[in-house]
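Everything on this sheet refers to the single structure shown next.
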Amino acid sequence: CTDVLSEGVNMQEAECILNYDIHWNPVRLIQRIGRVDRRLDPEKNPVPHTISILNFLPPPDIDNIIKLVNTVEGRRSIINRTLGLDQAFFTASDPDGTLKEFNATVDGESTSTDKVQTRYVEQIAEPDPDTLAMLEHMPDGAFGVWEGAPVNGVFALFEMKAGPKLSVERAEHFKAVIGKPMLALESSGCISMDAAENLETLSSTIKGERSAMPGDFEGLKVALNRMKSLVLNSFREIDLPKHIEPKLICWLEMRA
């Protein structure tokens, strides 16, 4: 079984730690490893045993943009020189045996979803000037109609917005949510909120192609309200304040 535990919990009987989110601060990674690797404390680990460290790393194309691995390794080198430690996280020649790189175990061709996510990150990191200029003049609620789409349906982009009555304290508490883009696509009675999947569907649009005429506005309004409700419902576990809600940024009617 897999346990996700808060900080401060020792797991000296475990044999593996899986980093599914790589923190920018290498000290946090050292602390995680230390919760499993208790070899310096005989009372907590009377029988020495081997542990494995598995890391989920971003695909190479995306890491070339965000430089996560190089940043963490660079900071680790500074810590090593200062404190005399010798821990590596992402290199194959780890002297302490603290690494079995997960990516090497499942290395293979990039999936179509990986490629779409890479293109998305590239566009965020180095946006096209023409697209930026267009977005600056695009009003909220803008819409289009995609004739010849791969599916019949409606796509909508929402942004989580905070209302003026939200307190400063609550805004700080929910800062990770405020401004978050939410992508939804309804087709054949089902709504997908998988951003990568929806971006992959939209990736076959043609830049500059003219919009067709919209169809049944009442039906579209019903679909957009359904998607908005589902977006709100996706935050139910964190008790989202009523003053934070999805705002429709743009939508696209899709006709196969």
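Can you confirm whether Ala196 is within 24 Å of the chain's Cα centre (by Cα), without any contact (Cβ under 8 Å) to a residue 12 or more places away in the chain and within 21 Å of Tyr120 (Cβ to Cβ)? Spell out the reasoning first.
Numbers: within 24 Å of the chain's Cα centre (by Cα): yes; without any contact (Cβ under 8 Å) to a residue 12 or more places away in the chain: no; within 21 Å of Tyr120 (Cβ to Cβ): yes.
So Ala196 does not fit the description; no.
In this structure, does Ile178 turn out to be surrounded by 14 or more Cβ atoms within 10 Å (Cβ to Cβ), modelled with pLDDT of 90 or more, part of a loop (DSSP other than H, G, I, E, B) and within 21 Å of the chain's Cα centre (by Cα)?
Spelling it out, Ile178 is indeed surrounded by 14 or more Cβ atoms within 10 Å (Cβ to Cβ), modelled with pLDDT of 90 or more, part of a loop (DSSP other than H, G, I, E, B) and within 21 Å of the chain's Cα centre (by Cα).
Being open to solvent by 50 Å² or more (accessible area, probe 1.4 Å), out of contact with any Phe, Trp or Tyr (no Cβ under 8 Å at 6 or more places or on another chain) and either among the aliphatic types (A, V, I, L, M) or in contact (Cβ under 8 Å) with a residue 40 or more places away in the chain (or both) is the filter here, so list the residues in the stretch 139-150 that pass it.
Restricting attention to the stretch 139-150, the residues satisfying the condition of being open to solvent by 50 Å² or more (accessible area, probe 1.4 Å) are 139-140, 143, 147-148, 150.
Within this subset, residues satisfying the condition of being out of contact with any Phe, Trp or Tyr (no Cβ under 8 Å at 6 or more places or on another chain) are 139-140, 147-148, 150.
Once the filter is applied, which keeps residues that are open to solvent by 50 Å² or more (accessible area, probe 1.4 Å), out of contact with any Phe, Trp or Tyr (no Cβ under 8 Å at 6 or more places or on another chain) and either among the aliphatic types (A, V, I, L, M) or in contact (Cβ under 8 Å) with a residue 40 or more places away in the chain (or both), the stretch 139-150 yields Asp140, Glu147, Gly148, Pro150.
The values are calculated or read from the model by the stated rules, or taken from the named source; none is laboratory data. Because the structure is predicted, anything quoted here is derived from the model rather than measured. A quick note on method: Cβ atoms are made from the backbone with ideal geometry, for glycine too, and the neighbour counts reach across all protein chains shown. For the accessible areas, the whole protein counts, side chains as well, though only heavy atoms, and no ligand, DNA or RNA atoms are used. Shrake-Rupley method; radii C 1.70, N 1.55, O 1.52, S 1.80 Å.
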